[in-house]
Each structure stands twice: as C-alpha cells, then as structure tokens.
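Below you'll find the structure, written out as structure tokens, and then a few comments.
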Amino acid sequence: MVLNQKPMKNVIFILFFYLFYCTVHSQGTENEENPFEEGRINYFKKTILVFNEYLDTKKGSFNTTNVRLILPIGNKSWNVRADIPLVSTNTESIYKTGLGDLSVGATYIPYIDKKRGIAFRTRIVTNSAIDPKLGSGKWIIVPTLYYGSYLDNIQTVLMVFIT
C-alpha cells in the first residue's frame, strides 16, 4: 500500500510557512504606552519617616531626630505633614534633650502630567520647644511653590521658594 506523499508535503509546507510568519510577526515593534510614565492618580501615600540630622558648630553640637507623618487627604492630591523633632544639644557645656519646634504643613498638587507638574505647600513652624535653646523661638510661616518639568529625557526640577 503506497500513500500519496503530496498532501503530507503540502501540510508540512503550510505548517513551516505559518511558523515562519508567526516568528517574523512576533518580532515587530508595537507602540505601547508605559503605564508608569504618567503621573500617578494617587500622588501621596501614608508615610511615617524617621531621620536624623547632626550639626557640629564651634559653640557645640545639635543632634536632631525627626519623626515625619504624611497623611493624604481626599483624592490624594492633598496631604498634611507633621514634623516632631527630638533635639539633643551640648551648647555651653550644658547637655539638654527635649522636643524642638513642631511644624505642620499642607501640600496640594493641582496639575501633573507626563511632562510637568505644579505643587503648592504652606508650612507653619511653631514656637513650641520645651527649652529656648532647642528651638528657633519664633513662629514661622513658609509658603512654597514647586514646578517640575522633564526635558529631553532628563529630569530637571525648578523650585521657587517664596518666603
């Protein structure tokens, strides 16, 4: 019994052509947008941050440990930030440790897209240190305007401080 080899050759040819076509087609480039290039819908996250600063001067040293709380509000383009400093100092051979000046601020991002963004912040530093040597001794209001822009795949940020 002899089988006709012609249909089998046709099937192999069609299969080979189909596999070749799929291989070539799969290497084509498609323009897809990266979902991580856009500004996030939720700009701020709930954050607790602890950091330390050390300043050594001729009159003594200051060691400040800050606890920063950041809480988003509403649609998360707003946030409230509170800084709680614990200050240790040895000025004039007197060692003191206690709470420094507490500060509270609010930030709002009204506009952000792929190329640029704008943010406003107002921060109030209170005269709340438990000792005058551990704080500034003043109430301070710090309004700030931020503008950020991407230029030619290089991120450049211009910050304008209004004080």
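As an exercise, use a Förster radius of 45 Å and the Cβ-Cβ distance of Leu19 and Asn66 to find the FRET efficiency, rounded to the nearest 0.05. It would help to have the intermediate numbers written out before the result.
Values: r = 62 Å, r/R0 = 1.39.
Working from the Cβ atoms, E equals 0.10.
I need the peptides 63-75, 79-91 ranked by packing, meaning the mean over residues of other C-beta atoms within 10 angstrom, with the highest value on top.
79-91, 63-75
At 7 Å along the Cα-to-beta-carbon direction for both Lys114 and Leu145, put a label point, then send me their distance in nm to one decimal.
Reported label-point gap for Lys114 and Leu145 is 2.7 nm.
Which of the lysines could be linked to Lys138 by a straight reach, that is with a Cα gap under 30 Å, when you skip same-chain ones fewer than 8 residues away?
Cα-Cα hits under 30 Å: Lys46, Lys58, Lys59, Lys96.
Mean separation of Cα pairs under 8 Å and 6+ residues apart, divided by the residue count of region 47-161: what relative contact order is that in percent?
Working: 274 pairs, mean separation 19.2, N = 115.
Taking the mean separation of contacting Cα pairs over the length of region 47-161, I get 17 percent.
When the expected Rg is taken as 2.2 N^0.38 Å, what fraction or multiple of it is the alpha-carbon Rg of region 47-161? If you can, show how the numbers build up before the last one.
Values: Rg = 17.5 Å, N = 115, 2.2 N^0.38 = 13.4 Å.
This ratio for region 47-161 stands at 1.31.
Using the Cβ atoms and a cut-off under 10 Å, what net charge is assigned to the surroundings of Val104, where Lys and Arg are +1 and Asp and Glu are -1?
+1
What is the extension gain from Thr97 to Phe51, computed as 0.36 nm multiplied by their sequence separation minus the C-alpha to C-alpha distance, in nm to one decimal?
Roughly 14.9 nm would be gained on extension.
Read the figures in this text as sums done on the coordinates, not as results from a lab. Owing to the predicted nature of the structure, the values given are computational and were not obtained by experimental measurement. So basically every Cβ, Gly included, is an ideal-geometry build from the backbone, and we count neighbours across all protein chains shown.
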